[in-house]
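Notes for the one structure printed next.
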Amino acid sequence: MANKKVSVAYVMATLIAVIFTWILHEFAHWLTSESFGHETIMRLNGTSPIDGKSVTDWQKTLISASGPLITLIQALTIFVVLKSDNWNKNLYPFLFTAFYMRLMAGIMNFINPNDEGRISAFLGIGTFTLPIIITGILFFLVYKISKKHHLGWKFQLATTLIVMTFSSILILSDQFFGIRIL
């Protein structure tokens, strides 16, 4: 039976997964914006051009797409690794965090269009179309791994609460302190 207990090591792996996922996601936005020639700052939970140059709608769309795209690539990579018979519970948070991050971003579209919401609006397919598709894909990956490795509700609940806690701390830290990374 594979080890599915929530240990201190698992909590630390989840913390690393949350920080890694957020920074990788924001780095993709930053790198895309910089590649268009815009001087951009990167924070824990966002990027902003600071050079005063105008950003075209097409550039905004590609900048918005880069974060979710790298998050999806991260999830697919971890899914392929976890799909093998060698269970490593410390990798699971890297898949789950990607799902959680995009689910919360999709919900936030009710308040302010987020990455996938902005892309959907730009494409004229409704603000929630891409968020539902991306979150659905990520949920499917989490579900398949959960079924394959028989992850119970207690393990899932613990993972959810840990990811929620660390994600909230990260987001609130950015809100209150504006932590600039690049």
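The values are calculated or read from the model by the stated rules, or taken from the named source; none is laboratory data. Everything numeric here is computed off the predicted structure, so don't read it as measured data. Note that we place each Cβ from the backbone using ideal geometry, even for glycine, and neighbour counts take in every protein chain shown. Remember, those area values only see protein heavy atoms, side chains included, never the ligands or the DNA or RNA. Shrake-Rupley method; radii C 1.70, N 1.55, O 1.52, S 1.80 Å.
What is the number of the single condition among (1) under 18 Å from the mean Cα position of the chain (by Cα); (2) in a helix (DSSP H, G or I); (3) not hydroxyl-bearing (Ser, Thr, Tyr) that residue 147 does not meet?
Only one criterion in (1) under 18 Å from the mean Cα position of the chain (by Cα); (2) in a helix (DSSP H, G or I); (3) not hydroxyl-bearing (Ser, Thr, Tyr) is unmet by residue 147, namely (1).
Please go through the range 1-16 and pick out each residue that is surrounded by 14 or more Cβ atoms within 10 Å (Cβ to Cβ) and under 11 Å from residue 162 (Cα atoms). Reasoning before the result, please.
We begin by selecting, within the range 1-16, every residue surrounded by 14 or more Cβ atoms within 10 Å (Cβ to Cβ); these are 4, 6, 10-11, 13-16.
6, 10, 11, 13, 14, 15 - these are the residues of the range 1-16 that are surrounded by 14 or more Cβ atoms within 10 Å (Cβ to Cβ) and under 11 Å from residue 162 (Cα atoms).
Could you check the range 35-67 and list, in sequence order, the residues that are in a helix (DSSP H, G or I), open to solvent by 30 Å² or more (accessible area, probe 1.4 Å) and closer than 21 Å to residue 102 by Cβ?
Our first condition is that a residue be in a helix (DSSP H, G or I); within the range 35-67, this holds for 35, 57-67.
Now narrow it down to the ones that are open to solvent by 30 Å² or more (accessible area, probe 1.4 Å): 35, 57-60, 62, 65.
If the condition is that a residue be in a helix (DSSP H, G or I), open to solvent by 30 Å² or more (accessible area, probe 1.4 Å) and closer than 21 Å to residue 102 by Cβ, then 60, 62, 65 are the ones that fit.
Do you know which of the residues in the range 82-99 that are open to solvent by 30 Å² or more (accessible area, probe 1.4 Å) and within 23 Å of residue 8 (Cβ to Cβ) is farthest from the chain's Cα centre (by Cα)?
Kept after step one, since they are open to solvent by 30 Å² or more (accessible area, probe 1.4 Å), are these residues of the range 82-99: 83-88, 90-91, 94.
Keeping just the survivors that are within 23 Å of residue 8 (Cβ to Cβ) gives 86-88, 90-91, 94.
Details: 86: 24, 87: 22, 88: 20, 90: 17, 91: 15, 94: 9 Å.
The selected residue is 86.
Looking at 21, 71, 14, 40, can you tell me which residue is over 23 Å from residue 143 (Cα atoms) and of a type outside the set (Lys, Arg)? Even if it seems obvious, please write down each step before you answer.
Working: 21 fails: over 23 Å from residue 143 (Cα atoms); 71 fails: over 23 Å from residue 143 (Cα atoms); 14 fails: over 23 Å from residue 143 (Cα atoms).
Going through 21, 71, 14, 40 in turn, the sole match is 40.
Name, by its number, the condition in (1) touching a Phe, Trp or Tyr at 6+ places or on another chain (Cβ under 8 Å); (2) part of a helix (DSSP H, G or I); (3) crowded, with 20+ Cβ neighbours inside 10 Å that does not hold for residue 102.
All conditions are met except number (1).
Would you pick out the residues in the range 72-90 that are assigned to a loop (DSSP other than H, G, I, E, B) and touching a residue at least 40 places away in the same chain (Cβ under 8 Å)?
Our first condition is that a residue be assigned to a loop (DSSP other than H, G, I, E, B); within the range 72-90, this holds for 84-90.
87, 89, 90, listed by residue number.
Right, residue 165: open to solvent by 30 Å² or more (accessible area, probe 1.4 Å), out of contact with any strand residue (DSSP E or B) (no Cβ under 8 Å at 6 or more places or on another chain), of a type in the set (Val, Ile, Thr) and within 30 Å of residue 5 (Cβ to Cβ) or not? Quick ask: steps written out before the conclusion?
On the way: open to solvent by 30 Å² or more (accessible area, probe 1.4 Å): yes; out of contact with any strand residue (DSSP E or B) (no Cβ under 8 Å at 6 or more places or on another chain): yes; of a type in the set (Val, Ile, Thr): yes; within 30 Å of residue 5 (Cβ to Cβ): yes.
It is true that residue 165 is open to solvent by 30 Å² or more (accessible area, probe 1.4 Å), out of contact with any strand residue (DSSP E or B) (no Cβ under 8 Å at 6 or more places or on another chain), of a type in the set (Val, Ile, Thr) and within 30 Å of residue 5 (Cβ to Cβ).
Just to be sure before I move on: is residue 155 open to solvent by 60 Å² or more (accessible area, probe 1.4 Å), touching a helix residue (DSSP H, G or I) at 6+ places or on another chain (Cβ under 9 Å) and in contact (Cβ under 8 Å) with a residue 12 or more places away in the chain in the structure I sent? Break it down into steps so the answer makes sense when it comes.
On the way: open to solvent by 60 Å² or more (accessible area, probe 1.4 Å): no; touching a helix residue (DSSP H, G or I) at 6+ places or on another chain (Cβ under 9 Å): yes; in contact (Cβ under 8 Å) with a residue 12 or more places away in the chain: yes.
For residue 155, the condition - open to solvent by 60 Å² or more (accessible area, probe 1.4 Å), touching a helix residue (DSSP H, G or I) at 6+ places or on another chain (Cβ under 9 Å) and in contact (Cβ under 8 Å) with a residue 12 or more places away in the chain - is not met.
Output the residue which, of all residues in the range 128-152 that are surrounded by 18 or more Cβ atoms within 10 Å (Cβ to Cβ) and of a type in the set (S, T, N, Q), is nearest to residue 58 (Cα to Cα).
The qualifying residue nearest to residue 58 (Cα to Cα) is 135.
Out of the range 106-132, which residues are part of a helix (DSSP H, G or I) and of a type in the set (Ser, Thr, Tyr)? Give the derivation first.
Quick first cut of the range 106-132, residues part of a helix (DSSP H, G or I) only: 106-108, 115-123, 129-132.
Across the range 106-132, the qualifying residues are 120, 129.
Please find, among 77, 32, the residue that is crowded, with 17+ Cβ neighbours inside 10 Å and either over 11 Å from the mean Cα position of the chain (by Cα) or under 17 Å from residue 138 (Cα atoms) (or both).
On the way: 77 fails: crowded, with 17+ Cβ neighbours inside 10 Å.
Just one listed residue meets the conditions, 32.
For the range 154-163, check the following and say yes or no: at least one residue is over 19 Å from residue 9 (Cβ atoms), modelled with pLDDT of 95 or more and part of a helix (DSSP H, G or I). Explain how you work it out, then say what you get.
Let us first name the residues in the range 154-163 that are over 19 Å from residue 9 (Cβ atoms), namely none.
So far as the range 154-163 goes, no, none of its residues is over 19 Å from residue 9 (Cβ atoms), modelled with pLDDT of 95 or more and part of a helix (DSSP H, G or I).
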